[in-house]
Structures are given as C-alpha cells and as structure tokens.
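Notes follow once the structure below has been shown.
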Amino acid sequence: MISDNQITFFQTFGYLFVPQLFDPEEMTAVSERFDHWLDGERDGAPFPGESRQSLYAIAELEPLITDLVADDRIYGTVEALLGEGFLWLCSEGNIYVGDTKWHPDGTRLDYRPMKVSLYLDPLTADTGCLRVIPGSHRLPYHKDIRPVAQSDRLGTEIPCSPLESSPGDVLFADMNTWHASFGGSPGRRHLAVNFVPEPKTDADVTLMKENHAGVLRNIENMQYSQPGRAFTDAFLHNDHPRIKRIASKWVDLGLE
C-alpha cells in the first residue's frame, strides 16, 4: 500500500510514478496479450507507423488485463488516491507515432478522472517518454498555462518532469495534468486503465456520462473497428467482486 507521503505528492503534483510495480515475467505476459489484440485489429499486418492506433476496451476484452485492474497494486493504489467508491471509466491500448503536444486529457476540475499508465517499451527523455508539468492539474496554474503550453513554438522548453520508464513502472495521473511526449519513434506501446471518483452529485453523474460519450467518440475516430460500445458483458458482469463493483454504476445507468 502507498504511503501518506505518496498520497500528498499525488495531490500536490497531479501524478505518482511507482517504479517496478510489476516484475518482468508479469510484463512479458501483459505485453504478449497487448500485441495479440492490437495486431488482431490490423489483421496481423505490420504496424504501418503512419498514425496512432488505439484499441479501447482492451482490459474488458482481455482477462489477463482485467485481472491486472483487480490486482491490489492497481486497485489498492487507485482506492488510496481517489477514495473508496471509485469507479471504472475505460481502458485503452495505444501505439504511438511521433510527438504528442502538450495537453490535459480533458478538463474535469470538479470531478477528476485518473489514468493509470503502463508503458510496454523502455522510454527515455530522448526517445519519447511522457513529460508532465507538476501541479498543472490545479487552478489557477491549469488555466494559466494553456496559452503557453498550446503554443506551437514550445515543446521540451517548457519546464517539466520527463518520466523515463521501463516496463513494470506504473504512472498514476490526474487527467487534468498537462503532459506531452517528444522525440519518440513510431511503435511506442501504452496500456492505460482509467477511473473516476465515486459520483456524489447529479453533476458528477452527468460528467461520467460525458466521459463515456467521449470514449465512444474516440472509438469511432481512432479505433480500427467500431463496436459501438466501450465495455463488454464479460467485464460488466464479472465474477470478481472488485470488477463487478467498479463496473456496476454503468449497468445502473443503462450504458452497457
């Protein structure tokens, strides 16, 4: 379980980087299943390297990754950072091409989603590792930095923290945190499992639904196949009590 100091770090800076949370054997198995699903989307053809490939619902499709979500190293850490009652949002498998400019993953300052990222290839500051701007998830910095971060003139010049990573490292990040990637070659693999805090108001439920609609748009725009839904029956009605709990709200909302 993570410490109070780590929780404070996350709340202050908008991210928590935990090195080697999973061992090499575990990551080899995850990597193989990731490749199975992403390769399958391309019918086994080599990755063309021309544009990003994304597969949403990869955790819902793949039992090994579903088990990863329920593993205490993920589940318990998310619970410590988001609080009891946190819920599932979605998952994504990405293969990247080129630079990713500075951006937050949407702006949800009143109801903050979390992205948990596992990069399946070694990445350094020179080969496309994720860069974050510490504290940029909080006002007024989050809004004040927008015109600077979105300037086409600036990339690595913006003061930031490059999070050099190896397979097995895990990044827990507030989705409002500004981040980017520069200098990477095509083919960088990224597995993300995403969560939201417990919805306590009608406004929170509305934001959950808006996030879900955004996932469906991403599926349509970035995914090779378009299944028309973000979840699977196997995930929504999973026998594991942790998975069943975090998915239950989507069933209640009729967004299966």
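The values are calculated or read from the model by the stated rules, or taken from the named source; none is laboratory data. For clarity, every value in this text was computed on a predicted model and none was experimentally measured. Cβ sites come from the backbone with ideal geometry, for glycine too, and all protein chains shown count toward neighbours. For accessibility, only protein heavy atoms count, side chains too; no ligands or nucleic acids. Shrake-Rupley method; radii C 1.70, N 1.55, O 1.52, S 1.80 Å.
To the nearest 20 Debye, how big is the dipole of the chain about its Cα centre, given +1 on the beta carbon of each Lys and Arg and -1 on that of each Asp and Glu? All intermediate terms of the calculation are to be shown ahead of the outcome.
Numbers: 23 positive and 38 negative charges, 172 e Å.
It works out to roughly 820 debye.
If R0 is taken as 25 Å, the Cβ-Cβ distance between S166 and E84 corresponds to a FRET efficiency of 0.20.
Counting 0.36 nm for each residue step from D43 to T156 and taking away their Cα separation leaves a gain of 37.1 nm.
Measuring r between the beta carbons of D110 and H237 and using R0 = 30 Å, the FRET efficiency lands at 0.45. Toward the positive end of the charge dipole of the stretch 1-139, with +1 on the Cβ of Lys and Arg and -1 on the Cβ of Asp and Glu, the farthest Cα among T66, T124, F22 is that of T124.
As a length-normalised measure over Cα pairs under 8 Å and 6 or more apart, the relative contact order of the stretch 158-256 settles at 12 percent. Among residues other than T124 with Cβ under 12 Å from its Cβ, the summed charge is -1 (Lys and Arg +1, Asp and Glu -1).
Expressed as a rounded percentage, what relative contact order does the stretch 32-145 have, with Cα pairs under 8 Å and six or more residues apart? Before the final figure, lay out each step's value.
Working: 63 pairs, mean separation 27.1, N = 114.
Across the stretch 32-145, relative contact order equals 24 percent.
Taking a threshold of 25 Å on the Cα-Cα distance, which of the pairs K101/K244; K101/K249; K143/K244; K115/K200; K101/K200; K115/K249 fall above it? Distance filter (> 25 Å) returns K101/K244; K101/K249; K143/K244; K101/K200.
Of the beta bridges DSSP finds with both residues in the chain, what % are antiparallel, to the nearest 5? The partial results should precede the final answer.
Working: 36 of 38 bridges.
Percentage antiparallel, nearest 5: 95.
Counting only helical runs of four or more DSSP H residues, what would the 222 nm mean residue ellipticity of the chain come to if each run contributes -39,500 (n - 2.57) and the total is spread over all its residues? Numbers along the way, then the final one.
Numbers: 10 runs with 96 residues, N = 256.
My calculation for the chain gives -11000 deg cm²/dmol from helical runs alone.
How high is the FRET efficiency from Y224 to D99, r the C-beta distance, R0 22 Å, rounded to 0.05?
Working: r = 22 Å, r/R0 = 1.01.
Step by step, r from the Cβ atoms, then E = 0.50.
For the pair V148 and S3, the difference between a 0.36 nm per residue extended length and the Cα-Cα distance amounts to 48.8 nm.
Averaged per residue, what accessible area in Å² does the chain show with a 1.4 Å probe, protein chains only? The partial results should precede the final answer.
Working: 11690 Å² over 256 residues.
In whole numbers, the chain has 46 Å² accessible per residue.
Segment T206..V251, full-extension length gain: 14.7 nm, with 0.36 nm per residue of separation and the alpha-carbon distance subtracted.
Could you work out the relative contact order of the chain? I mean the mean sequence separation of Cα pairs under 8 Å and 6+ apart, divided by the number of residues, in percent.
Values: 481 pairs, mean separation 76.7, N = 256.
RCO, the chain: 30 percent.
Length, then width, then depth: along the principal axes, the Cα atoms of the stretch 1-96 run 47, 27, 26 Å.
Roughly how many percent of the accessible protein surface of the chain is carbon and sulfur, given a 1.4 Å probe and a whole-percent answer? Each step should come with its number before you reach the end.
Working: 5930 of 11690 Å².
Carbon and sulfur: 51 percent of the exposed surface of the chain.
Here the stretch 45-173 is treated as an ellipsoid with the same Cα gyration tensor; its semi-axes, largest first and in whole Å, are 25, 22, 14.
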